[in-house]
Amino acid sequence: RALTRKLGEEGAHPPVRTLTIRSIGGADHEFRIRKVTAREKRFLPSIETVREGREYRLKLEMLPPPEDFTGRILRDTVTVETDDPLVPEIRLPGMAQI
């Protein structure tokens, strides 16, 4: 809640969280991230390559809630699509208390 308290105030920066996605399939295992999406558009995802085929950084920036939102918790599902046939998709639940 501390990160979202000032959301909407002039000059306030949206909260951002960073996750590391890395291969744990052994020394020869590589994968590429093809696409990252947030189903409900509550977060703006972006990918940064740390080590091609091995490690990526996923940043999730919280977007302002819809004007008609009256709740206290925003939820979304972020989907990471990969070229790995064993793990073609990684689904991450996202939540922010406002």
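The values are calculated or read from the model by the stated rules, or taken from the named source; none is laboratory data. Computed from a prediction, not measured in an experiment: that's the story for all the values here. Ideal geometry is used to build each Cβ from the backbone, glycine not excepted, and the neighbour counts take in all protein chains shown. Surface accessibility is based on the protein's heavy atoms, side chains included, excluding ligands, DNA and RNA. Shrake-Rupley method; radii C 1.70, N 1.55, O 1.52, S 1.80 Å.
Points worth noting:
- Taking 0.36 nm per residue of separation and subtracting the Cα-Cα distance, full extension of the segment from E10 to I24 would add 0.8 nm.
- Backbone HN-Hα couplings from phi across region 52-57 [Karplus 6.51/-1.76/1.60, Hz, Gly and Pro as x]: 3, x, 10, 8, 9, 10
- In this structure, the amide hydrogen of F43, modeled 1.01 Å from its nitrogen in the peptide plane, lies closer than 5 angstrom to those of L63, counting only residues at least 5 positions away or on a different chain.
- Accessible area in square angstrom per residue, the chain, 1.4 angstrom probe: 72 Å²
- Accessible-area composition of region 6-86, carbon plus sulfur, in percent [1.4 Å probe]: 47 percent
- For the pair E55 and L86, label points projected 7 Å from Cα toward Cβ lie 2.0 nm apart.
- The charge dipole of the chain, taken about its Cα centre with unit charges on the Cβ atoms of Lys, Arg (+1), Asp and Glu (-1) only, comes to about 340 debye.
- Option label - Rg/Rh (Cα atoms, Kirkwood Rh) computed here, alternatives [x] 1.25; [y] 1.11; [z] 1.05: [z]
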